[in-house]
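Below: one structure, written as structure tokens.
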2 protein chains.
Amino acid sequence: MPGPLTTSSRFAYATLVTNDTYAVGAVVLATALRATRTPHTLVCLHAPELGPEATHALAEVFDELVPVATRRSADTANLQLLGRPDLDVTLTKLHVWTLTQYEKVVFLDADTLVLMGIDELFDREELSAAPDCGWPDIFNSGVFVLRPSMDTFHRLVEFASERGSWDGGDQGLLNDFFASWATTPDRRLPFVYNVTPTSVYTYAPAFQRFQGDIKVVHFAGPTKPWQYARTSDGSPIGKGQGPAGDVLLNLVQRWWTAFTTIESRFGHLLFKSNVGST
Amino acid sequence: MPGPLTTSSRFAYATLVTNDTYAVGAVVLATALRATRTPHTLVCLHAPELGPEATHALAEVFDELVPVATRRSADTANLQLLGRPDLDVTLTKLHVWTLTQYEKVVFLDADTLVLMGIDELFDREELSAAPDCGWPDIFNSGVFVLRPSMDTFHRLVEFASERGSWDGGDQGLLNDFFASWATTPDRRLPFVYNVTPTSVYTYAPAFQRFQGDIKVVHFAGPTKPWQYARTSDGSPIGKGQGPAGDVLLNLVQRWWTAFTTIESRFGHLLFKSNVGST
Ligand SMILES: O=c1ccn([C@@H]2O[C@H](COP(=O)(O)OP(=O)(O)O)[C@@H](O)[C@H]2O)c(=O)[nH]1
Ligand SMILES: O=c1ccn([C@@H]2O[C@H](COP(=O)(O)OP(=O)(O)O)[C@@H](O)[C@H]2O)c(=O)[nH]1
Ligand SMILES: [Mn+2]
Ligand SMILES: [Mn+2]
């Protein structure tokens with residue numbers, strides 16, 4: 001029997017879009033989440049400056065759009081970061097802690113793609129995340145479980161303004177703040193919840209062996225799936241050679257397959273240039 | 001109070017050298033281990049076919065040299081692998097389980113370099129290892145803690161002959177055999193015990209931040225430190241640009257600094273070609 005709050009209003013998935021470039025990623029992500037039949041709310045934090053087309057598409061696929069300030073002058077929290085312009089985007093992601101209408105939130109970067117249901121993540125505690133391939137004793141901040149709290153939000157902002165971020169982004173900051181992650185086994189999500197296929201070049205056999213287990217792909221790094229050129233039959237064209245390149249292209253192809261399901265509704269809104277099509 | 005066995009005879013560090021190419025790595029590794037003032041025995045498993053110069057150098061720096069068969073026909077265990085020539089080197093590493101005169105062994109690839117004392121690893125249980133950067137839910141088999149046992153050895157050989165190895169090496173095999181590693185937090189060594197600087201390209205800021213904590217560097221991958229060309233002042237010449245390349249070159253430089261301490265004694269025995277010098 002549901003209590004006063006139904007499950008779907010206690011828990012939410014959230015992502016972030018600060019500019020039109022990432023909107024297509026968020027729309028595909030939301031559509032892929034819906035396909036898992038999750039009962040939870042889909043929230044998109046977004047910059048108020050987004051174009052009307054992107055905003056329209058996001059409003060169609062997310063349950064809730066939450067505008068967040070991306071400029072320092074726009075809110076008092078950001079004011080504390082005066083003199084740290086490099087931390088602007090970092091600070092924007094922190095706004096996910098302000099979603100206090102939800103008990104727990106799973107944050108997903110807009111460059112992630114959910115391949116199967118991941119609602120079991122809501123059984124996890126703050127801050128749960130998967131190891132980062134580059135240095136696996138810290139977590140990758142593209143996918144994480146959190147408990148919204150204005151207190152935590154303000155402490156994070158203060159922490160950021162005092163300490164900055166050693167990698168220039170939210171990942172360095174969040175790892176310093178949630179430093180006990182490395183020594184708290186329950187907080188370590190299996191890698192399949194945040195698989196960064198760029199590391200495919202390091203260890204192709206593992207990707208081949210485990211690719212059927214991948215729950216969330218995270219296209220971390222400079223080249224996002226929507227930036228791939230494609231052949232006339234829709235296959236992404238990649239530079240990678242051999243088995244490693246094949247695995248990566250296969251995952252990029254999965255993103256494009258998900259895109260296909262929304263292409264007729266939103267494709268024209270999300271791709272103003274011809275990026276991604278040939 | 002020491003019991004009937006002193007600490008130094010209960011525990012051993014072991015590495016493997018199947019050909020002259022890796023002998024220089026093993027000699028540098030042993031010298032670096034000695035520099036940590038470890039009381040434990042240093043063992044080198046080696047192919048009987050090694051040249052006399054390499055064998056001489058290894059005999060000088062290791063406490064014990066243990067010849068192991070690298071060819072299938074040479075022992076009965078290997079006979080079980082008939083028809084699996086790809087598993088020859090894999091099987092050779094498994095011989096570390098035959099060192100039953102020791103209660104516990106820390107195996108280190110010959111392409112590792114110990115930067116500070118790691119004797120605390122002997123407090124760990126079989127099979128303890130650090131995550132692999134390419135797929136951090138499996139362990140990297142360049143550094144691991146084991147309990148020698150003929151029973152385990154035979155079971156490993158049988159497992160290998162039945163299942164093979166999905167990555168063609170010992171890492172795939174050992175991960176399948178010790179499959180509970182991923183879900184047994186005590187077995188997960190911190191990454192600093194097996195840092196593979198090839199992943200520096202993925203996440204340079206983390207390497208810069210944590211490089212002072214590195215206990216063991218593992219030069220996994222095709223280019224070993226002894227294969228770097230060097231300038232006339234001894235600095236390794238690398239292709240890497242920017243901070244990531246600098247961190248890698250710095251670690252390669254540490255290997256060459258360790259090499260310098262043995263160069264006058266063994267350099268002429270270990271480098272027959274001019275590889276590694278300019
Ligand atoms: O210009 C930007 C950069 C980032 N993001 C958001 O911040 C996340 C993190 O950035 P990104 O994924 O590019 O970093 P990476 O995972 O490649 O390190 C993105 O997925 C988006 O959700 C955004 O909206 N606009
Ligand atoms: O031809 C070889 C290949 C490997 N090895 C030994 O097996 C280990 C594993 O191989 P390698 O380090 O080359 O693999 P990687 O760590 O690069 O995957 C080496 O460090 C050596 O100890 C060896 O003696 N001769
Ligand atoms: Mn990302
Ligand atoms: Mn190695």
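The values are calculated or read from the model by the stated rules, or taken from the named source; none is laboratory data. Computed from a prediction, not measured in an experiment: that's the story for all the values here. Please note: Cβ atoms are built from the backbone with ideal geometry, for glycine as well, and neighbour counts cover all protein chains shown.
General observations
- Scanning the range B:156-196 for residues that are free of Cβ contacts under 8 Å to residues at least 60 places away in the same chain and closer than 15 Å to B:Lys93 by Cβ yields B:Phe159, B:Asp167, B:Gln171, B:Gly172, B:Leu174, B:Asn175, B:Asp176, B:Phe177, B:Phe178.
- Residue list for the range B:190-222, restricted to those being within 14 Å of ligand 2 (Cβ to nearest atom), part of a loop (DSSP other than H, G, I, E, B) and either touching a Gly at 6+ places or on another chain (Cβ under 9 Å) or farther than 19 Å from B:Val143 by Cα (or both): B:Asn194, B:Thr196, B:Phe219, B:Ala220
- One residue stands out in the range A:112-135 among those that are among the acidic types (Asp, Glu) and touching a residue at least 12 places away in the same chain (Cβ under 8 Å): the one that is surrounded by the fewest Cβ atoms within 10 Å (Cβ to Cβ), namely A:Glu125.
- Inside the range B:87-111, residues that are crowded, with 22+ Cβ neighbours inside 10 Å, within 10 Å of ligand 2 (Cβ to nearest atom) and not acidic (Asp, Glu) make up a count of 5.
- Yes/no for B:Gly142 being in contact (Cβ under 8 Å) with a residue 12 or more places away in the chain, within 14 Å of chain A (Cβ to nearest Cβ) and crowded, with 17+ Cβ neighbours inside 10 Å: yes
- Qualifying residue in the range B:145-155 (condition: within 12 Å of chain A (Cβ to nearest Cβ), more than 16 Å from ligand 3 (Cβ to nearest atom) and surrounded by fewer than 22 Cβ atoms within 10 Å (Cβ to Cβ)): no
- Residues within the range A:98-115 that are among the charged types (D, E, K, R) and more than 8 Å from ligand 1 (Cβ to nearest atom), tallied: 2
- No other residue among B:Asp63, B:Asp123, B:Asp86 is of a type in the set (Asp, Glu), modelled with pLDDT under 75 and out of contact with any Phe, Trp or Tyr (no Cβ under 8 Å at 6 or more places or on another chain) apart from B:Asp86.
- Residue count for the range A:160-184, restricted to those that are over 17 Å from A:Leu16 (Cβ atoms), touching a Leu at 6+ places or on another chain (Cβ under 7 Å) and of a type outside the set (Ser, Thr, Tyr): 4
- Selection status of B:Arg71, of a type in the set (D, E, K, R), modelled with pLDDT of 95 or more and more than 20 Å from the chain's Cα centre (by Cα): no
- Only one of the numbered conditions (1) within 12 Å of another protein chain (Cβ to nearest Cβ); (2) without any contact (Cβ under 8 Å) to a residue 24 or more places away in the chain is not met by B:Gln211, and that is (2).
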